[in-house]
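Here is the structure we will look at.
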Amino acid sequence: MLGRHDGEIGELLRFAASMVPSEVRGADLLDYLDLEEWELVLQLLGESDGNTWQTPRFWALLAEAATQMDQDEAWYQWRCVESIQGVLRVELTLSVDAEPLRARGERPLWDVTGRQQRVAALWIESKPVLNPGERATARLRPFVPPAWAHLIRGDMITLHGRSPGTAKIIERVPPRP
C-alpha cells in the first residue's frame, strides 16, 4: 500500500520518535520502527503522554507522515496547534433538549465569563456524535486564547447555540512562552 514512499515515511517517523524523551518512549516503539510497522508507529507516537515536550515540529512530522500514508492527519494538526496555544480539555454535558453535536468541525459559542461569549473549535475525544443529555471529554481550541486565560481546573463554562450544554474545565496547559 505504501510502496515507494516507505523510506520517506520511515525517516519522518524515526525523526519524530527521536524527539520523544526516553522515559516516555516504550521499547516496543523502537521494535515497530525496526519492523517498519508505520501505521502502528504513527498511532503510538500520536498517543504519547505529556504536553511539555511535544513541539509543533513533532506534531507536524506526524501530520506529514499521516498524509503520506493516506490517513487522516486532522488529529495531528489539532495537536500541533495545541502545542503552541496550550491545551484546554473539558467534561462536556449537552442539555436534554440539545441537537446532536458532531465530534469535530464545530465552532460554537461559549460563555467564559458570565457575560462574554467566545468562539472555540471543538473536538470530542471519544465518540463521533454527542447526543442530547450525554457527557464526553472534549478539547477546545479558542479563536482568541488570551480571552480564556483566566479559566482554571474546575471552572464551569456554558455552551450556546442549537446544542446548549455546560462544560467543566478538567485540564488546562498554558501556551508555550
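Assorted remarks:
- Lys, Arg +1 and Asp, Glu -1 on Cβ, resulting dipole of segment 24-89 about Cα centre, debye, nearest 20: 500
- Accessible carbon and sulfur surface of segment 45-177 relative to its total accessible area, %, 1.4 Å: 51
- A dipole drawn for segment 4-143 from +1 and -1 charges on Cβ atoms has a positive end, and of Gly46, Thr67, Phe143 the residue lying farthest that way is Phe143.
- Most fluctuating residue given options Gly165, Gly86, Gly26, as computed from a GNM of the chain linking Cα atoms under 10 Å: Gly26
- Size descriptor, Kirkwood hydrodynamic radius, that averages inverse alpha-carbon separations across segment 1-139, Å: 16.8
- Label-to-label distance, nm, for residues given as Asp28 and Thr67 (7 Å Cα→Cβ offset): 3.0
- Net charge over other residues, Cβ less than 11 angstrom from the Cβ of Trp148 (K, R count +1; D, E count -1): +2
- The phi torsions of segment 116-125, fed into the Karplus equation with coefficients 6.51, -1.76 and 1.60 and a -60° offset, translate into couplings of 10, 9, 9, 9, 8, 5, 10, 9, 7, 6 Hz, rounded to whole numbers, with Gly and Pro shown as x.
- Within the listed set Pro128, Pro164, Pro56, the residue fluctuating most in the Gaussian network model of the chain (springs between alpha-carbon atoms under 10 angstrom) is Pro128.
- Taking a sphere under 9 Å around the Cβ of Arg89 and counting the other residues whose Cβ falls inside, with K and R at +1 and D and E at -1, yields a net charge of -1.
- With the gyration tensor restricted to C-alpha atoms of segment 30-96, the semi-axes of the equivalent ellipsoid amount to 25, 15, 12 Å, longest first.
- In the elastic network of the chain, a GNM with C-alpha springs shorter than 10 Å, the most mobile of Arg104, Arg57, Arg115 is Arg115.
- Under the criterion of Cα pairs below 8 Å and six or more residues apart, the relative contact order for the chain equals 21 percent.
The values are calculated or read from the model by the stated rules, or taken from the named source; none is laboratory data. The structure displayed is predicted, hence computed values, not measured ones. Glycine gets a Cβ as well: all are built from the backbone with ideal geometry, and neighbour counts include every protein chain shown. To get the accessible areas, we keep the full protein, side chains included, count just its heavy atoms, and leave off ligands, DNA and RNA. Shrake-Rupley method; radii C 1.70, N 1.55, O 1.52, S 1.80 Å.
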